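Structure first, commentary second.
Computed from the coordinates by the stated procedures, all read-outs in this text should not be read as laboratory data. All figures in this text were calculated on a predicted structure; none of them were measured in a lab. No Cβ is skipped: glycine too gets one built from the backbone with ideal geometry, and neighbour counts run over all protein chains shown.
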Amino acid sequence: MTEAIRWKIGITSAPLPPKASGLPFLGNALNIKNNPVRFVVEQYQKFGPIFRISLLGNEMTVLAGRDAIQFASTPEANDIFSLRESYGGLEIEIGPVILSMEGEQHRHYRKLARPSHSRSQAAPRIPELLKVVDDFIDTLQVGQSVDMLPAIRRMISTQLGMMMLNQPAGEYFDDFVKFSTYMLFVYQFQMWPKFMLKTPPFKRAKARVLEMLEGLVEYHHRVPPGNERPHDALDEIMETVDAMGNPYSHATLLATAMGPYIAGMDTASGTINFIAYALHKYTDVLGKVRDEVVALYDKGIPSADDLKDLVALNGAIFETMRMYPVVPFLPRTAKTAFEFNGYRVDAGADLFIATTSTHFLPEYYPDPYRFDITRERGPANTFNPYGFGMHSCLGAGMGEILIQVMISRLIQRVKFELDPKDFEATMVAIPVPNPGKYRLKVLEVRK
Ligand code: HEM
């Protein structure tokens, strides 16, 4: 048992963690649906870093606060926490994905995939990324009221497809959206029964997704990288062997090809959707960000470093990711029994690591429910929108550029206002955290 963080692996006689009170059958489902992070923070403040909640008859153990994240980040925690039960659905339907890989297999694949997910992959392609945003802006009419999330999702998927595989999803985009929605609800949330995977809409979407992925893999086998096409994320994996020295399986290649089309679908898109809301809610902040980006674009197309230097823009991005994290908890399953902070967790227990609970603890972020773009970043392990440890987001550097490019260009070229003007975000948890049904009304479009 360590001193600073009190935990140990193995069966112990410690009691089960305290349980949050909830409604009959629903348990805490409404609390989680209406404002997941706030509810978890309140339970943390009441019970400490480990407690149980219940969701429609299923019990979950929640680990929250900085100690919990430090514990979950230790190398030994890899022997405790499994991701397979949460992300294995993609493996069943398409092939092994990085999030469901473990141990040496995961380390090996992650190292291979790092370059295609990196900041330096995105940095030279800013003009192409901007063109995708400009194509969207050029369709906007003054007076039009825009539901931003679908538009942002399409742009992000196009940008990632271009950057990582030189191939946007194009006419297959809606199939990827449908496919990932079913994956989320059936496997990850377990809110839809398995028979939904046998229904015609899902079967159609999956067949279309596979058609595109098979085509991509076949093309990569037939045409090696060179003059006809640049080296990309799929080549990285095809050209080498796995941790056991065997060529990567066809199923792994299909899953690799799928990554760029779904990786940013909910994460980068959801984050940009929240930033667009927050900027138009806090219009004094919008003014500062706009002044900064207009001055930058007046000098020409910005570089990745120029965008990184924008103080107000990056303050707004940081503060939005702190207050409105789109991946608030990470799902895990206990591979083995363990004890944490004097309570036991049995093998097989479903867990949430409440990675973003620290974003709302006043000891790290004073007055935590205030949107303040001048905030300092708290100490290590207190700002975790990209997860933690071995499986932390591989696309964080690339994601940062996507967010900076899209928000800066939208603000520079378009004047929007919130529609309705007094819209107040609620943290709607499903399908992924979102501010609820708001729109942006176009007031002016700059050429
Ligand atoms: C704001 C944008 C993003 C956020 C908030 C985000 C968040 C996350 C989080 C929380 C995880 C860890 C999941 C877990 O441990 O259960 C993760 C993993 C991952 N993300 Fe992101 N992500 C973002 C953008 C992206 C983008 C743009 C890409 C692709 C280029 C990407 C690729 C990945 C990959 C490959 C992993 C798995 C890493 C591994 O298992 O080793 N992400 N992301």
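Below are the figures for this structure:
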quantity	calculated
Principal semi-axes in Å for segment 238-339 [√(5λ), Cα gyration tensor, largest first]	38, 22, 12
Estimated Rh, segment 141-257: Kirkwood, alpha-carbon pairs, angstrom	16.3
Ellipsoid semi-axes in whole angstrom, largest first, where each is sqrt(5λ) of the Cα gyration tensor of segment 357-441	26, 19, 15
Cross-link pairs LYS421/LYS447; LYS19/LYS178; LYS131/LYS288 - those with Cα-Cα distance over 27 Å	LYS19/LYS178
³J(HN,Hα), Karplus 6.51/-1.76/1.60, whole Hz, each residue of segment 316-329, x for Gly, Pro	5, 5, 4, 5, 5, 5, 6, 7, 10, x, 7, 10, x, 10
Cα centroid separation - segment 178-197 against segment 298-328, whole Å	33
Ranked list, fewest to most other Cβ atoms within 10 Å of each Cβ, for ILE152, ILE301	ILE301, ILE152
Virtual spin-label span in nm between THR74 and SER303, 7 Å along Cα→Cβ	4.4
Share of Cα-Cα pairs in the chain lying beyond 30 Å, as whole percent	46
Positive minus negative residues near MET244 (Lys, Arg vs Asp, Glu; Cβ under 14 Å)	-2
Distant-in-sequence amide H partners of ARG344 (H built 1.01 Å from N, under 5 Å)	LEU16
Candidate lysines - alpha carbon under 16 Å from LYS33, same-chain residues fewer than 8 apart omitted	LYS437
Karplus-derived 3J(HN,Hα), 6.51/-1.76/1.60, for each residue of segment 144-159, Hz, glycine and proline x	6, 10, 10, 7, 6, 4, x, 5, 5, 4, 5, 5, 5, 5, 5, 5
P(r) of segment 189-240 over all Cα-Cα pairs, binned every 5 Å from zero, in whole percent	4, 16, 19, 15, 11, 10, 12, 9, 3, 1
Net charge of Cβ neighbours under 12 Å - reference PRO49; Lys, Arg +1; Asp, Glu -1	+2
Under-5 Å amide H pairs with PHE81, H placed in peptide plane, nonlocal only	LYS335
Phi-based couplings in Hz for segment 409-424 (Karplus 6.51, -1.76, 1.60; Gly and Pro marked x)	5, 4, 5, 5, 9, 10, 9, 10, 9, 4, 9, x, 4, 9, 4, 10
Calculated SAXS-style log₁₀ I(q)/I(0) at q = 0.24 Å⁻¹ - segment 91-139, Debye, Cα scatterers	-0.85
Cα shape, segment 125-196, gyration tensor, a/c 1.5 rule	oblate
Reach of LYS46 by Cα under 19 Å, taken over aspartates and glutamates that are not fewer than 8 positions away in the same chain	GLU59, ASP67, GLU363, ASP367
Quotient of C-alpha Rg and 2.2 N^0.38 Å, computed over segment 78-185	1.33
Amide proton proximity set for LYS19, modelled H, under 5 Å, gap of 5+	ARG52
Where Rh is the Kirkwood radius over Cα pairs, Rg/Rh for segment 1-147	1.09
Within the chain, helix-based [θ] at 222 nm, where runs of 4 or more DSSP H residues each add -39,500 (n - 2.57), nearest 500	-14500 deg cm²/dmol
Equivalent ellipsoid, segment 301-447 (semi-axes from 5 times Cα gyration tensor eigenvalues, Å)	34, 18, 16
Packing-based exposure ordering (other Cβ within 10 Å, fewest first) of LEU112, LEU213	LEU112, LEU213
